[in-house]
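Working notes, beginning with the structure itself.
The values are calculated or read from the model by the stated rules, or taken from the named source; none is laboratory data. Quick caveat: nothing in here was measured; it's all calculated off a predicted structure. No Cβ is skipped: glycine too gets one built from the backbone with ideal geometry, and neighbour counts run over all protein chains shown.
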Amino acid sequence: MKKKQNKGFTLVELIIVVAIIALLAAATFVATNPAKRIGQANDAQRWSDISAIADAWAAYVADNGGSNATSSPCISGNINCMISTLDGATSTTSANTACASTTNGTIWLDPLVAGSYIGDIPYDPQSSGGTGTTTGYFFHKDANGAVVVGSCAKYQTNTIEITR
């Protein structure tokens, strides 16, 4: 007499396989830490943006015999000012909570765009998608005449700031 063979997996075997796959997926997710990677990518974009602004400012000043691109208390008073863009509708700036504690004024760097020194004034990667007038970046000239451009927001505790 031949014995009938069952072809297939038992419920216990299926549960064990699913549990192993779930553990591997969880370990992979924790190891890659997508929130950390996004934060690091945002910080890299911030470094790129402030470098572009500082380079554009330096090129403008060099090409224009030492003249500043705009007049503002930020240029002579060693005051951190939020970099803004003109809002055609209201010509005002909207609040930027990331910059509120570190800035005391506003500076418009639109002459850098008009003079083709920079394609556009960049916005912080976590801003509202480049709408409004706040950029999430600050600017000032220190007592020695060096330009300081920085980011109001950051992912990690280190400062995102360039002095040129």
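Do you know which of the residues in the range 68-82 that are farther than 14 Å from residue 150 by Cβ and either touching a helix residue (DSSP H, G or I) at 6+ places or on another chain (Cβ under 7 Å) or of a type in the set (Phe, Trp, Tyr) (or both) is surrounded by the most Cβ atoms within 10 Å (Cβ to Cβ)?
69
Looking only at the range 115-151, filter to residues that are under 14 Å from residue 79 (Cα atoms) and in contact with a Gly (Cβ under 9 Å, 6 or more places away or on another chain); which one of those is surrounded by the fewest Cβ atoms within 10 Å (Cβ to Cβ)? Let's see the steps before the verdict.
Taking the range 115-151 first, the residues under 14 Å from residue 79 (Cα atoms) are 137-150.
Applying the additional criterion that residues be in contact with a Gly (Cβ under 9 Å, 6 or more places away or on another chain) yields 137-141.
Values: 137: 30, 138: 27, 139: 28, 140: 23, 141: 19.
Filtering first and then ranking leaves 141.
Say we look at the range 98-114 and pick out the residues that are surrounded by 10 or more Cβ atoms within 10 Å (Cβ to Cβ) and in a loop (DSSP other than H, G, I, E, B); which of these is modelled with the lowest pLDDT?
Step by step, filter the range 98-114, then rank; the result is 98.
Identify all residues within the range 14-65 that are among the aromatic types (Phe, Trp, Tyr) and exposed (fewer than 11 other Cβ atoms within 10 Å of the Cβ); write none if there are none.
So the first thing to find is which residues in the range 14-65 are among the aromatic types (Phe, Trp, Tyr), and the list is 29, 47, 57, 60.
Scanning the range 14-65 gives a single hit, 29.
If you take the residues of the range 1-58 that are hydroxyl-bearing (Ser, Thr, Tyr) and in a helix (DSSP H, G or I), which of them is modelled with the lowest pLDDT? Please lay out each step first, then the result.
First, pick out the residues of the range 1-58 that are hydroxyl-bearing (Ser, Thr, Tyr): 10, 28, 32, 48, 51.
Filter again for in a helix (DSSP H, G or I), leaving 28, 32, 48, 51.
On the way: 28: 88, 32: 85, 48: 97, 51: 97.
Among those that are hydroxyl-bearing (Ser, Thr, Tyr) and in a helix (DSSP H, G or I), it is 32.
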